[in-house]
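Visitor: Have a look at this one before I ask anything.
The values are calculated or read from the model by the stated rules, or taken from the named source; none is laboratory data. What you see is a predicted model; the values in this text were computed from it and never measured. Every residue, glycine as well, gets a Cβ built from its backbone with ideal geometry; the counts of neighbours run over all protein chains shown. Side chains are part of the model used for accessible areas, which takes the heavy atoms of the whole protein and leaves out ligands, DNA and RNA. Shrake-Rupley method; radii C 1.70, N 1.55, O 1.52, S 1.80 Å.
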Amino acid sequence: QKEVEQNSGPLSVPEGAIASLNCTYSDRGSQSFFWYRQYSGKSPELIMFIYSNGDKEDGRFTAQLNKASQYVSLLIRDSQPSDSATYLCAVNRPGGGADGLTFGKGTHLIIQP
Amino acid sequence: DAGVIQSPRHEVTEMGQEVTLRCKPISGHNSLFWYRQTMMRGLELLIYFNNNVPIDDSGMPEDRFSAKMPNASFSTLKIQPSEPRDSAVYFCASSFGYNEQFFGPGTRLTVL
């Protein structure tokens, strides 16, 4: 059974600071890792994906992956009030075609102006 | 591009009634996914299709749930009979291969 664990929060961060979101997963065969953002009442939208160990940067966002520790994180630099949302970590294990995602329950992030 | 289209956006029904949720994936995408989101269980994969063929339905909670994809541009998720515990937001998502999954706006289902 694939499991993805996240701290539900809320995580409160002052505007302009770095927000750090963490996720652990149980399936060592997992190969692809995703961070989705979901605003209240809206659908999830992809903000980052990472396949290889190390860091991947995209604008204010950095995803970090450590497969040995089965750990993936998301850093948001210069946090803005518009970053306030629930962040969902997801993993898949491709095999013969597109695979469905296993999601964590999400971390509720609040950026305080 | 119109994105993933789901209908209806809201559905309120009584226990025991049949519910049909509809999804039109993004044109050109060959994979379609049905997810369910509740506060208690989060976002869960119910079933997914590749090239219109169901690949994994292990997430379907029980026989009351069924899904079809008769062609590349349409899928349905049916609940018969519905129960109050089926109340949730149901999302449809599509992708091309392993690429990004795009989610539809969801259908908020309330079973009284």
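Visitor: Residue by residue through region B:79-87, which ³J(HN,Hα) values in whole Hz follow from phi under the Karplus form 6.51 cos²θ - 1.76 cosθ + 1.60 (θ = phi - 60°), with glycine and proline marked x?
Guide: 10, 8, x, 7, 10, x, 5, 7, 4
Visitor: While we're on this one: With all protein chains present, how much of the accessible area of chain A (probe radius 1.4 Å) comes from carbon and sulfur, to the nearest whole percent? All intermediate terms of the calculation are to be shown ahead of the outcome.
Guide: On the way: 2470 of 5330 Å².
Reported share for carbon and sulfur atoms: 46 percent.
Visitor: Moving on. What is the sum of charges, Lys and Arg at +1 and Asp and Glu at -1, for the other residues whose Cβ falls under 12 Å from the Cβ of A:Leu65?
Guide: Details: positive: A:Lys56, A:Lys67; negative: A:Asp55.
Overall, the nearby charge balance is +1.
Visitor: Here is a follow-up. Please turn the phi angles of region A:78-87 into ³J(HN,Hα) values with the Karplus equation 6.51 cos²θ - 1.76 cosθ + 1.60 (θ = phi - 60°), one per residue in order, whole Hz, x for glycine and proline.
Guide: Result, rounded to whole Hz: 6, 4, 10, x, 5, 7, 5, 5, 9, 10.
Visitor: Per residue, how many Å² of accessible area does chain B show with a 1.4 Å probe?
Guide: Numbers: 5640 Å² over 112 residues.
Here the per-residue accessible area is 50 Å².
Visitor: Quick one: which residues, 5+ away or cross-chain, put their amide H under 5 Å from the amide H of A:Ile110? H built at 1.01 Å from N.
Guide: Long-range HN contacts for A:Ile110: A:Leu11, A:Ser12, A:Val13.
Visitor: Next up: With r as the distance between the Cβ atoms of B:Gln17 and A:Ser69 and R0 = 41 Å, compute the FRET efficiency 1/(1 + (r/R0)^6) and round to 0.05. Walk me through the numbers on the way to the answer.
Guide: Values: r = 48 Å, r/R0 = 1.17.
Result of the calculation: an efficiency of 0.30.
Visitor: At q = 0.23 Å⁻¹, what is the log10 ratio I(q)/I(0) for chain A, with the Debye formula run over Cα points and no solvent?
Guide: -1.33
Visitor: Per 0.36 nm of contour for each residue apart, how much would the distance between A:Leu11 and A:Gln112 grow if the chain were fully extended, relative to their Cα-Cα spacing?
Guide: Here the answer is 35.3 nm.
Visitor: Under the rule of at least 5 residues apart or a separate chain, name every residue whose amide H is placed under 5 Å from the amide H of B:Ile5.
Guide: Answer set, sorted by chain and number: B:Lys24.
Visitor: For the pair B:Thr76 and B:Phe96, how long in nm is the line joining their label points, each one 7 Å along Cα→Cβ?
Guide: Output for this residue pair reads 2.9 nm.
Visitor: So if I take the alpha carbon set of the protein assembly as shown, get Rg, then get Rh from the Kirkwood formula, what is the Rg over Rh ratio?
Guide: Details: Rg = 17.6 Å, Rh = 18.1 Å.
A ratio of 0.97.
Visitor: Under 5 Å between amide hydrogens, which residues at least 5 positions from B:Ser87 or on another chain qualify, with H placed 1.01 Å from N in the peptide plane?
Guide: Amide H neighbours of B:Ser87, under 5 Å, 5+ apart: B:Val111.
Visitor: Compare each residue of region B:86-112 in its chain alone against the assembly with all protein chains, and report those whose accessible area goes down by 40 Å² or more; 1.4 Å probe, heavy atoms.
Guide: Hits at the 40 Å² cut-off: B:Tyr98, B:Glu100, B:Gln101, B:Phe103.
Visitor: While we're here: Using the basic label-point model (7 angstrom from Cα toward the beta carbon), what is the B:Thr110 to B:Met40 distance in nanometres?
Guide: 1.9
Visitor: Once R0 is set to 22 Å, what does the formula 1/(1 + (r/R0)^6) return for the Cβ-Cβ distance between B:Val53 and A:Glu45, expressed as a FRET efficiency to the nearest 0.05? Working shown, then result.
Guide: Working: r = 27 Å, r/R0 = 1.23.
Rounded to the nearest 0.05, the efficiency is 0.20.
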